[in-house]
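Here the structure is laid out as structure tokens; the discussion comes afterwards.
The values are calculated or read from the model by the stated rules, or taken from the named source; none is laboratory data. No experiment lies behind these values; they were computed from the predicted model shown. Cβ placement follows ideal geometry from the backbone for every residue including glycine, while neighbour counts extend to all protein chains displayed. We work out accessible area using only protein heavy atoms, side chains counted, and drop any ligands, DNA or RNA first. Shrake-Rupley method; radii C 1.70, N 1.55, O 1.52, S 1.80 Å.
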Amino acid sequence: MMKNIKLRLTLLAVSLMTIASTFAQTLSGKVTDENGTPLAYVNVILLSLPDSTFIQGAVTDEQGVYKMGTPKNEGVLKFSSVGYVTLHVKTADGLTIRMKEDAQMLGEVEVKGTLPKTKLTAEGLQTSIRGSVLENVGTANDVLARTPGIIKGQNGIEVIGKGAPLVYINGRKLTDASELTRLQSNEIQSIEVINNPGAQYDATVRSVVRIRTIRRQGDGFSFNLNASDAQSLRWSEGNDPYGAFNMNYRTGGVDIFGGINYARNTSRQESDLEKATFGKYLIENKGSLLNEYKGQSLYGNAGVNWQISDSHSVGGKIEWGTQLQYDVHTVVNDNVFKDGVQTDKLSTISDDLIGDDPIYNLGANLYYNGKVQKWGIDVNLDYYDSQNSTKSVSREGSSMTHDAEIHSTSNSTSKLYAGKLVLSYPIWKGQLQVGTEETFSRRDDNYAITGISIPASEAQVKEDNYAGFATYAFYLPKFGQVSAGARYEHVHYAYEDALTPENDLTRNYSNLFPTLSYAGQVGKIQLMLNYSAKTRRPNYANLSSAIRYNSRYIWQSGNAQLQPELTHNVSATAVWKFITLMVNYMRTNDPIMTWSSPYNDEGVVLVKPRNIDTPFRMMVVYGMMNHTIGIWTMNYTLGLQKQWLTINAPDPRETSGIRVTKFNDKPIGVAQMLNTFRFKDGWQLELGGLMQTKGYSQNLYMKNVYLNLTAAVQKTLLKDNALVLRLEGQDLARQAHMNVDSDFGSHTIRQTNMMDTQKVKFSIRYTFNTAQSKYRGTGAGAEEKARM
């Protein structure tokens with residue numbers, strides 16, 4: 001099957017070259033904004049003189065480069081892009097065009113130089129960072145938390161309604177999340193948020209964030225130093241120091257770069273738990289939980305980039321990381337009742353540490369990016385290797401039954417090999433992009449436990465993913481830009497367990513994922529419509545059938561029978577001046593959800609993922625406003641998340657054994673309000689907050705209002721703001737926590753939580769001769785790395 005796919009791609013390439021031979025001449029050039037940053041997806045049209053008849057068209061690529069074959073090399077070139085002033089330039093080869101933003105359309109006349117301007121692109125919402133109040137807020141993570149379309153929730157950065165995004169920096173896929181901490185806000189040119197990624201992205205990717213850094217000029221040595229320390233106001237041991245050093249040396253067309261960073265991270269959670277299990281007996285658990293985490297990590301990277309010419313560049317990069325400390329301390333107090341009579345009073349103390357083998361990850365990327373005649377070529381080869389080793393001991397003390405001591409070890413190794421080829425070619429009024437991506441992953445997962453009768457596991461997972469994709473984008477005058485694409489993926493998956501061969505499993509998936517988008521303008525309103533089909537495959541931990549021991553009454557396992565879920569997305573976006581409105585609807589078939597059910601009649605429950613046999617539907621509506629009045633800049637987001645979910649939950653209390661449970665009638669509201677006040681002499685004050693109301697999130701009910709109030713004061717010093725001092729506070733109202741009710745039919749959970757999120761942080765950053773690396777590797781197999 002895959003041979004046929006590759007043969008078809010080859011025939012397609014030959015067909016394109018045949019078309020190319022009909023054109024005798026080539027026009028090429030580059031388009032940038034006023035700051036010299038390349039502009040992608042600019043429509044370039046060749047018109048004849050004097051009647052302005054259409055001759056040929058093209059669309060710029062990620063590097064802002066356009067090429068078109070034409071039988072006539074005379075006339076006028078028209079350059080147009082949503083959010084920019086249209087230009088008409090006399091035809092010539094090798095032009096470099098600088099486009100100016102349309103200030104009237106974007107509503108920027110009164111706020112130029114301070115407002116983080118947001119405009120609609122051919123794929124999403126792009127916010128300019130350079131020269132705005134976001135330029136010196138700290139790290140890339142700090143900028144993302146303040147970018148329209150993104151919120152910083154309990155689990156980190158999320159695209160509203162889409163969850164955690166896949167992040168690109170200058171076209172290179174992010175494989176090390178700590179890079180968002182190393183990248184400083186004053187190095188960022190713009191951030192683009194894509195809600196419905198196209199066919200060139202893995203079918204599991206539901207949202208993308210593309211970060212473009214400022215392109216510095218000139219040779220020489222540059223570096224930046226960044227240090228910070230965050231201290232919990234509620235836990236003396238909650239101290240999180242961080243330090244990073246990054247350097248770059250440029251001479252001619254060669255960049256040599258590298259960096260190293262150290263981080264200590266802590267977290268603390270206190271919870272009250274009430275659980276009820278319905279079976280032969282009514283088993284109730286009432287107690288408390290304390291969880292404390294302390295970790296230390298060290299990361300580094302090094303690489304080289306050689307820009308041979310404007311049309312050719314090659315390079316390589318190595319990234320590595322190791323866990324210096326992994327310490328999880330958990331205390332669970334549990335009172336157990338059977339049919340209303342107390343049968344156990346249990347206290348469990350657990351400690352998880354680094355095992356006998358080190359915890360590490362290693363990644364490497366090689367790339368070539370260039371142009372050959374009218375062909376754009378992008379090649380990436382990736383390797384990724386990781387190892388995780390932990391050991392755990394749980395000491396259980398009971399005043400009514402028996403004591404126990406449970407020891408377990410978990411060791412896993414993962415390897416990934418990936419390659420991606422993307423070819424682009426100008427055809428008719430637009431540009432065709434075709435490509436192929438292959439990933440080959442292997443994982444060994446060994447688990448052993450003593451002190452209780454739970455089987456050990458020695459599992460091996462193999463997965464091969466072959467993909468071919470094509471996208472065509474074209475521009476029609478007075479109508480807008482249309483893009484259509486499709487991605488075909490064939491996945492071979494095999495799971496083998498040497499100790500329990502009855503759990504062995506082999507699967508093959510073959511799916512086609514279409515995408516369609518439109519971007520245009522009606523009067524002063526910019527519009528974008530999108531459709532895409534996506535999938536989500538379970539990660540390897542969720543596919544392991546090995547049972548993990550959490551406590552005497554809670555066990556955890558994966559599910560080798562899980563099926564991938566399929567999601568259809570439709571979205572609409574409108575931008576008028578400084579106001580943006582977005583609506584997104586999605587339907588997911590075979591949704592994967594965490595499920596808890598009785599394991600025996602003694603109150604033990606098994607937590608494992610499962611596919612729900614009814615579809616999950618959700619609509620997200622939100623509006624954003626970015627506006628400046630004098631020294632005050634407002635960045636406000638208001639949204640509503642409404643879902644439709646009905647689950648046929650097993651419940652022995654029902655005569656049929658099934659209870660229909662609905663999670664429909666309580667939508668979640670979200671409000672994020674960020675206020676920035678910019679004063680003279682480099683002073684800046686920030687006041688903000690994120691609020692989330694009660695409501696359903698899949699099969700969970702969030703039963704309190706989440707509120708995170710923040711404040712920061714910042715001072716920039718020295719030439720070009722080379723030195724930045726910043727003091728900030730998080731969770732000032734001590735309300736950044738969420739209480740949860742869960743209903744699994746035969747098992748219910750009520751949990752109240754208090755998280756260690758009230759912290760004060762001081763940071764200092766110094767930058768010397770900021771020459772930015774020109775690394776252009778985009779990477780391959782990033783989603784597979786995340787699953788590992």
Next item on the list: Grab the strands (runs of 3 or more DSSP E) fully contained in region 548-661, keeping just those with 2 or more residues being modelled with pLDDT under 95 and among the charged types (D, E, K, R).
Entry: 605-611
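Give the residue that is nearest to residue 737 (Cα to Cα), with candidates limited to residues of region 690-703 that are polar (S, T, N, Q) and touching a residue at least 40 places away in the same chain (Cβ under 8 Å).
692
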Check: Can you pull out the residues in region 717-733 that are open to solvent by 20 Å² or more (accessible area, probe 1.4 Å), at pLDDT 90 or above and of a type in the set (Lys, Arg)?
Finding: none
Notebook entry, point to check: Within region 600-640, which residues are closer than 26 Å to residue 565 by Cα and aromatic (Phe, Trp, Tyr)?
Noted result: 616, 622
Notebook entry, point to check: How many of the residues making up region 354-371 are open to solvent by less than 70 Å² (accessible area, probe 1.4 Å) and part of a strand (DSSP E or B)?
Noted result: 11
Item checked: Residues located in region 99-133, provided they are modelled with pLDDT of 80 or more and open to solvent by less than 10 Å² (accessible area, probe 1.4 Å) -> 99, 124, 125, 127, 129, 132
Next item on the list: Check whether at least one residue in region 164-181 is closer than 15 Å to residue 769 by Cβ and in contact (Cβ under 8 Å) with a residue 24 or more places away in the chain, and report yes or no.
Entry: no
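Which is farther than 30 Å from residue 47 by Cα, open to solvent by less than 30 Å² (accessible area, probe 1.4 Å) and in contact (Cβ under 8 Å) with a residue 12 or more places away in the chain, of 424, 399, 412?
It is 412.
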Notebook entry, point to check: Among the residues of region 355-366, is there at least one that is of a type in the set (Ser, Thr, Tyr) and without any contact (Cβ under 8 Å) to a residue 60 or more places away in the chain?
Noted result: yes
Item checked: Selected residue [touching a Pro at 6+ places or on another chain (Cβ under 8 Å) and closer than 30 Å to residue 367 by Cα] from 307, 323 -> 323
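I need the full set of residues from region 333-347 which are touching a Phe, Trp or Tyr at 6+ places or on another chain (Cβ under 9 Å) and either open to solvent by less than 40 Å² (accessible area, probe 1.4 Å) or assigned to a strand (DSSP E or B) (or both), in order please.
334, 336, 338, 343, 344, 346
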Checklist line | Condition broken by residue 681, with the remaining ones in (1) at pLDDT below 95; (2) farther than 14 Å from residue 136 by Cβ; (3) among the acidic types (Asp, Glu) satisfied | finding: (2)
Next item on the list: Check residue 296 against each of (1) open to solvent by less than 40 Å² (accessible area, probe 1.4 Å); (2) over 30 Å from residue 61 (Cα atoms) and name the one condition it does not meet.
Entry: (1)
Notebook entry, point to check: If you check residue 740 against the conditions, is it at pLDDT 90 or above, open to solvent by 50 Å² or more (accessible area, probe 1.4 Å) and aliphatic (A, V, I, L, M)?
Noted result: no
Item checked: Close pairs from region 630-651: first among the polar types (S, T, N, Q), partner loosely packed, with under 15 Cβ neighbours inside 10 Å and in a strand (DSSP E or B), Cβ under 7 Å, at least 6 apart -> 646/660; 646/662; 648/658; 648/660
Next item on the list: Sort out which residues of region 666-716 are open to solvent by 30 Å² or more (accessible area, probe 1.4 Å) and in a loop (DSSP other than H, G, I, E, B), and write them in order of number.
Entry: 666, 667, 679, 693, 694, 698, 703, 705
Item checked: Failed condition for residue 180, given (1) over 26 Å from residue 145 (Cα atoms); (2) open to solvent by less than 20 Å² (accessible area, probe 1.4 Å) -> (1)
Item checked: region 316-332 - residue that is open to solvent by 60 Å² or more (accessible area, probe 1.4 Å) and not aliphatic (A, V, I, L, M) and, of those, nearest to residue 280 (Cα to Cα) -> 326
Checklist line | Selected residue (criterion: farthest from residue 601 (Cα to Cα)) from residues of region 308-332 that are in a strand (DSSP E or B) and of a type in the set (Gly, Ala, Ser) | finding: 309
Notebook entry, point to check: Looking at residue 527, is it open to solvent by 10 Å² or more (accessible area, probe 1.4 Å) and either touching a helix residue (DSSP H, G or I) at 6+ places or on another chain (Cβ under 8 Å) or without any contact (Cβ under 8 Å) to a residue 60 or more places away in the chain (or both)?
Noted result: no
Checklist line | Test result for residue 384, part of a strand (DSSP E or B), in contact (Cβ under 8 Å) with a residue 60 or more places away in the chain and open to solvent by 20 Å² or more (accessible area, probe 1.4 Å) | finding: yes
Next item on the list: Would you tally the residues in region 265-278 being open to solvent by 30 Å² or more (accessible area, probe 1.4 Å), in contact with a strand residue (DSSP E or B) (Cβ under 6 Å, 6 or more places away or on another chain) and either assigned to a loop (DSSP other than H, G, I, E, B) or in contact (Cβ under 8 Å) with a residue 40 or more places away in the chain (or both)?
Entry: 6
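Quick grid of which residues meet (1) out of contact with any helix residue (DSSP H, G or I) (no Cβ under 8 Å at 6 or more places or on another chain); (2) over 30 Å from residue 687 (Cα atoms); (3) open to solvent by 40 Å² or more (accessible area, probe 1.4 Å):
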position	(1), (2), (3)
583	yes, no, yes
588	yes, yes, no
617	yes, yes, yes
620	yes, no, no
645	yes, yes, no
659	yes, yes, yes
Check: Do we find that residue 78 is at pLDDT 75 or above, surrounded by fewer than 21 Cβ atoms within 10 Å (Cβ to Cβ) and basic (Lys, Arg) in this structure?
Finding: yes
Next item on the list: For residue 436, indicate whether it is open to solvent by less than 60 Å² (accessible area, probe 1.4 Å), in contact (Cβ under 8 Å) with a residue 24 or more places away in the chain and in contact with a helix residue (DSSP H, G or I) (Cβ under 7 Å, 6 or more places away or on another chain).
Entry: yes
Item checked: Answer from 255, 229, 240 - the residue that is in a strand (DSSP E or B), open to solvent by less than 10 Å² (accessible area, probe 1.4 Å) and among the charged types (D, E, K, R) -> 255
Checklist line | Options 397, 451, 480, 468; residue that is closer than 30 Å to residue 57 by Cβ and over 26 Å from the mean Cα position of the chain (by Cα) | finding: 480
Note to self: Of the conditions (1) open to solvent by 10 Å² or more (accessible area, probe 1.4 Å); (2) among the acidic types (Asp, Glu); (3) in contact (Cβ under 8 Å) with a residue 12 or more places away in the chain, residue 489 satisfies every one except a single condition; which number is it?
What the structure shows: (1)
